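Novice: Before anything else, here's the structure in question.
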Amino acid sequence: MSELSAKEVAELHACIRSELNNVIVGQDRILRLLLASLFARGHCLLVGVPGLAKTLIVRTLSEILQLSFKRIQFTPDLMPGDIIGSEILQERDRHLEHEFQAGPLFANLILADEVNRTPPKTQAALLEAMQERKVTIGGHTRLLPDPFLVVATQNPIEQEGTYPLPEAQLDRFMFSLHLDYPEKSRKSKS
């Protein structure tokens, strides 16, 4: 794959922004910084109350870029193996063989939805995969796809049932972006 010139990157950025703006309204700053993290291969944390189109933003971005996309809903009972995958024993031709069943982390663009609603053990598995861009299961190391970008959403910490991400692990995210409701336009159309 050849490198793009600055002009080509600018054109690509403008094209992606135009497509995103066809779907997402009033989140220009968030879209600009999300694209910056994507171009820099950094992960991003979106913080805001439910209903601000966080899922729509990430899903639309994956469609525009034709990247494989997985959404993981983080819940209090989610275990590390649920996101990474596991090895299962399969019988083939009267022999038992280990077969790897990839978890949802094996996609280009991951939406880790409500990451602070899951226990620290599962958070740690996600954060390690983000840092290393690979996982180890059953003694075998498996590389995650390239590109690999995690956009995690987090509800405000003051909401009930949340497990705040440890300060020491927040450095896995290039940006922590706080979403709010778009401002009502001051101009009315006649």
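The values are calculated or read from the model by the stated rules, or taken from the named source; none is laboratory data. Since the model is a prediction, treat every value here as computed from it, not as a measurement. A quick note on method: Cβ atoms are made from the backbone with ideal geometry, for glycine too, and the neighbour counts reach across all protein chains shown.
Novice: Which residue out of VAL9, VAL23, VAL49 is in a loop (DSSP other than H, G, I, E, B) and either among the hydroxyl-bearing types (Ser, Thr, Tyr) or free of Cβ contacts under 8 Å to residues at least 40 places away in the same chain (or both)?
Specialist: VAL23
Novice: Also, quick follow-up: Would you mention how many residues in the range 114-142 are in a helix (DSSP H, G or I) and either among the β-branched types (Val, Ile, Thr) or touching a residue at least 24 places away in the same chain (Cβ under 8 Å) (or both)?
Specialist: Result for the range 114-142: 14.
Novice: Follow-up. Assuming HIS98 fulfils every condition listed in (1) part of a helix (DSSP H, G or I); (2) of a type outside the set (A, V, I, L, M); (3) over 14 Å from the mean Cα position of the chain (by Cα) apart from one, which condition is it?
Specialist: With respect to (1) part of a helix (DSSP H, G or I); (2) of a type outside the set (A, V, I, L, M); (3) over 14 Å from the mean Cα position of the chain (by Cα), HIS98 is out only on (1).
Novice: Go through the range 47-56 and give me each residue that's in contact with a strand residue (DSSP E or B) (Cβ under 8 Å, 6 or more places away or on another chain) and either modelled with pLDDT of 90 or more or not aliphatic (A, V, I, L, M) (or both).
Specialist: GLY48, LYS54, THR55
Novice: Check whether at least one residue in the range 103-113 is of a type in the set (S, T, N, Q), part of a loop (DSSP other than H, G, I, E, B) and surrounded by fewer than 20 Cβ atoms within 10 Å (Cβ to Cβ), and report yes or no.
Specialist: The answer is yes; a qualifying residue exists.
Novice: Quick one: in the range 26-46, of everything that is in a loop (DSSP other than H, G, I, E, B), among the small types (Gly, Ala, Ser) and closer than 28 Å to GLU132 by Cβ, which residue is modelled with the lowest pLDDT?
Specialist: ALA40
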